[in-house]
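Laboratory data are not the source of any read-out in this text; all were calculated from the coordinates shown. Note that the structure is a prediction, hence the values are computed from the model and not measured. Heads up, the Cβs are rebuilt from the backbone with ideal geometry, glycines too, and the neighbour counts pull from every protein chain shown.
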Amino acid sequence: MRGSRNCIYLWLLALSLSLVPVLITAPVGAQAPPSWLDPALLPAAKAEGSLIVYSSTNEQEGLPLFKLFTEATGIAVEYVRASDAVLMSRMGIEFRAGQRSYDIVQTATINKMPPQMLAQYEPPETANISSQARDPGKRWWGVYANYNSPAYNTERVKASELPRSYQEFAQRKEWAGKVAIDGTDNEWLKAMIEHFGEGEGTELVKRIVAILRPVVTDGHLAMARATGAGEYWVSLNNYVNLSMNVKLAGAPIDVWPLDPVTLFFGQVGVNARAPHPSAARLAANFMLSRECQQFLAKYGRLPTRQDVQSNPPGIIAMLTQKQVITVLMSPDEERKWQRLFDQLFKGR
């Protein structure tokens with residue numbers, strides 16, 4: 001019996017020793033570096049030591065996202081969050097003052113910035129994103145697709161009651177005062193006029209405003225949360241990714257696309273006066289990577305890469321069944337369309 005126990009002990013010892021080389025040859029630190037970690041930039045980026053990010057993405061997403069960047073590179077990140085409008089104003093002032101205040105900016109309005117404020121650079125990961133999400137001038141790149149659609153509180157409105165067109169939308173007198181729209185949705189207005197024509201489109205929007213008396217809000221995420229909470233029954237228009245963000249958090253909200261679906265992009269650009277230019281270029285490449293877009297998809301943001309699945313699955317296919325109009329305006333165009341938006345929605 002003792003001999004048998006010794007044999008078993010020796011067998012277990014040999015088995016345990018045979019596993020040791022496997023554990024040693026595959027330590028966590030020896031994993032292959034992520035594909036976005038450009039070896040041509042990494043040494044200089046590390047030498048610069050830090051990265052300053054201006055972003056309109058909320059801290060609940062932005063901080064853990066850039067923690068991934070820090071873990072992969074060892075580069076500390078200063079994350080400055082503000083709304084699109086605040087960032088645009090701040091960056092303009094800093095540029096005129098000759099300040100080197102940030103490295104990259106991530107927001108939905110970079111295409112409206114004067115080109116001299118942004119560095120020309122084409123990150124390697126650009127090859128993997130949609131062609132629509134690439135600036136021909138190589139000054140910004142689409143991190144996520146910002147589709148626009150109405151949204152509704154599923155406890156306040158039944159799916160069977162939803163209008164099938166904006167013309168039917170204007171007939172929902174019972175929704176008066178319970179509908180909201182953000183005060184900066186000039187892209188949506190431009191797409192409406194382009195789709196319906198100037199005369200018909202303008203009259204349709206006027207009817208919607210007169211009959212539904214939309215509440216003009218400040219902030220798309222705040223409006224999505226208010227619609228999910230039932231403060232508003234319907235969002236006349238909102239960013240689909242933010243409505244999905246609130247839905248994924250458990251709120252009773254959903255979207256239903258109508259013709260037209262407006263599209264623009266959450267973008268990233270490199271400051272022409274970046275204090276840490278190598279870290280800035282490395283971070284821009286990170287923002288276009290599969291790892292980054294998979295992370296953002298967890299919060300409902302819709303990828304610009306085909307190798308990243310949308311969340312929930314199939315939503316991009318649903319949106320693209322409608323006529324999608326991509327709207328990318330210059331600063332002068334935006335001022336023109338914002339003036340018209342203000343006349344129609346705030347001048348009533």
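Applying the Karplus relation 6.51 cos²θ - 1.76 cosθ + 1.60 with θ = phi - 60° to region 38-51 yields 3J(HN,Hα) values of 5, x, 6, 9, 4, x, 5, 5, 5, 5, 5, x, 7, 9 Hz, where x marks Gly and Pro.
Taking amide hydrogens as placed 1.01 Å from N in the peptide plane, the amide H of Ile52 sits under 5 Å from those of Glu78, Asp103, Ile104, each at least 5 positions away in sequence or on another chain. The label point for Ala76 and the one for Gln323, both projected 7 Å from the Cα toward the Cβ, are 5.4 nm apart. Of the labelled figures (i) 26.3; (ii) 21.6; (iii) 22.2, only one reflects Kirkwood radius over Cα pairs in Å as derived from the coordinates, namely (iii). When you restrict to C-alpha pairs under 8 Å that are six or more residues apart and normalise by the size of the chain, the relative contact order lands at 26 percent.
Of the cross-linked pairs Lys158/Lys247; Lys112/Lys346; Lys112/Lys173, those separated by over 26 Å at the C-alpha level are Lys112/Lys173. Between amide H atoms placed 1.01 Å from N, distances below 5 Å from Leu302 occur with Ala145, all of them 5 or more places distant or on a separate chain. If we count every other residue with Cβ under 13 angstrom of Ile325's Cβ, Lys/Arg +1 and Asp/Glu -1, where does the sum land? The answer is -1. Applied to region 149-154, the Karplus parametrisation 6.51 cos²θ - 1.76 cosθ + 1.60 on θ = phi - 60° returns per-residue 3J(HN,Hα) values of 7, x, 9, 9, 7, 6 Hz, with x for Gly and Pro.
Excluding same-chain neighbours fewer than eight residues apart, the lysines reachable from Lys67 by a Cα-Cα span under 18 Å are Lys46, Lys298.
Let a ≥ b ≥ c be the square roots of the eigenvalues of the Cα gyration tensor of region 134-288; is it rounded (a/c under 1.5), or, if not, prolate (a/b larger than b/c) or oblate? Taking the square roots of the gyration eigenvalues as a ≥ b ≥ c, region 134-288 is prolate. Working from Cα pairs under 8 Å separated by at least six residues, relative contact order for region 250-324 is 36 percent.
How far, in nm, would the chain grow between Ser130 and Ser89 when pulled straight, counting 0.36 nm per residue and subtracting the alpha carbon separation? List each step's numbers first, then the result.
Working: separation 41, 0.36 × 41 = 14.76 nm, distance 2.89 nm.
Extending this stretch completely gives an extra 11.9 nm.
Backbone amide hydrogens, once placed in the peptide plane, bring Ile253 within less than 5 Å of Thr154, excluding anything fewer than 5 places away on its chain. By the gyration tensor of its Cα atoms, with a ≥ b ≥ c the square roots of the eigenvalues, what is the shape of region 57-136: rounded for a/c under 1.5, prolate for a/b over b/c, or oblate? Because a/c hits 1.5 or more and a/b fails to exceed b/c, region 57-136 counts as oblate. Between helix 277-287 and the chain there is an angle of about 80 degrees, using the helix long axis and the longest principal axis of the Cα atoms.
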